[in-house]
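Notes follow once the structure below has been shown.
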Amino acid sequence: MRLRLRHLLFLFIGLPALAQKPDDNLHFTSTKQQKIAVYKGTIIVNGNKTFKFATDNIVYKSKRNRLVEDGGNVFLFLEVTDNPNKNKLIVFGINNSVADSLMTAIASDIKDFDHDELLEFGGSEQPETYPAADSMYYVPSKFYEIKKGRLEFDPVYTEKIDKKVNGVYIPGATGEKVIPKPKGRP
């Protein structure tokens, strides 16, 4: 009897471990029936190895890893680590059994942030604390949207977020800039 209980106990403990998803692969299928797999840093489309990362820094368990189809185009979003900076989203275009790297953006959810019926993604790096109490670093953000099957910079939403976060919008800013701390900011 004890032997049976041990076997049953082992069975109940072991089954969930067997059902868990491996940490080093992803599988997607587009509406065009393209089979896309990401396995140990390699993107495979319809059985063809089409892209190999130099280092496998893909966050396989991220909910941001997904396919988005728009205007007849298929986009694969993969979240990767970028220590000590924020994680990034690498966006691939999937076409004719090939994965082509299109762009890299700050990792964020992919959703309609500004309620314009277009999906947006992007953000800004984590700012360092500026040593003077009366100033701060202006860290520009960069948001993109998926519009008519293309990935486009979203200047309206970028400006809105920069004003909200930094208190001001500086067009074309690249990298950190020191600005006076806006009133009301701690």
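The values are calculated or read from the model by the stated rules, or taken from the named source; none is laboratory data. Worth saying up front: this structure is predicted, and the values here are computed from it rather than measured. Every residue, glycine among them, receives a Cβ derived from its backbone with ideal geometry; neighbour counts consider all protein chains shown. The area values use the complete protein model at the heavy-atom level, side chains included, leaving out ligands, DNA and RNA. Shrake-Rupley method; radii C 1.70, N 1.55, O 1.52, S 1.80 Å.
What part of the accessible area of the range 25-106, given as a whole %, is carbon or sulfur when the probe is 1.4 angstrom? Don't skip to the end; give the middle numbers.
Details: 2040 of 4280 Å².
That share works out to 48 percent.
Could you give the angle, 0 to 90 degrees to the nearest 10, between helix 2-19's Cα long axis and the longest principal axis of the Cα atoms of the chain?
40 degrees
Could you tell me the relative contact order of the chain? Use alpha-carbon pairs under 8 Å, at least six residues apart, and round to a whole percent. Mind showing how you got there, number by number?
Values: 318 pairs, mean separation 22.1, N = 186.
After rounding, I find 12 percent.
Over all directions, what mean area does the Cα convex hull of the chain project, stated in square nanometres?
About 16.6 nm², averaged over all directions.
Please compute P(r) over all alpha-carbon pairs of the range 108-185, binned at 10 Å starting from zero, and give each bin as a whole-number percent.
19, 46, 26, 9, 1
Give the range of the longest stretch in the chain that excludes all trypsin sites (Lys or Arg not before Pro) found in loop regions by DSSP and having at most 14 other beta-carbon atoms within 10 Å. Let's see the in-between values first.
Working: sites that count: Lys32, Lys40, Lys61, Lys63, Lys86, Lys148, Lys183.
Segment 87-147 is the longest.
Which whole number in µm²/s is D for the range 23-91 by Stokes-Einstein, with the Kirkwood Rh taken over Cα pairs at 37 °C and 0.692 mPa s? Each step should come with its number before you reach the end.
Values: Rh = 12.5 Å.
The Stokes-Einstein estimate is 263 µm²/s.
Before rounding to the nearest 500, sum -39500 (n - 2.57) across all DSSP H runs of length at least 4 in the chain and divide by the residue total; then give [θ] at 222 nm in deg cm²/dmol. Can you show the working numbers first?
Numbers: 2 runs with 30 residues, N = 186.
Calculated from helices alone, the mean residue ellipticity at 222 nm is -5500 deg cm²/dmol.
In the range 49-157, which GluC sites (Glu not before Pro) are in a loop and have at most 11 other Cβ atoms within 10 Å, using DSSP for the loop call? Don't skip to the answer; put the middle values down first.
Numbers: sites: Glu69, Glu79, Glu117, Glu120, Glu125, Glu128, Glu145, Glu152; in loops: Glu117, Glu125, Glu128.
The qualifying sites are Glu117, Glu128.
Given the pairs Lys63/Lys181; Lys61/Lys177; Lys35/Lys163; Lys88/Lys163; Lys61/Lys183, which span a C-alpha to C-alpha distance of over 30 angstrom in this model?
On the way: Lys63/Lys181 35 Å; Lys61/Lys177 35 Å; Lys35/Lys163 42 Å; Lys88/Lys163 23 Å; Lys61/Lys183 40 Å.
With Cα atoms farther than 30 Å apart: Lys63/Lys181; Lys61/Lys177; Lys35/Lys163; Lys61/Lys183.
State, as an integer percentage, the relative contact order of the range 25-106 based on alpha-carbon contacts under 8 Å between residues 6 or more apart.
On the way: 161 pairs, mean separation 17.0, N = 82.
In percent, rounded to a whole number, it is 21.
Could you name the aspartates and glutamates in cross-link range of Lys160, using Cα to Cα under 12 Å and dropping any fewer than eight places away on the same chain?
Asp114
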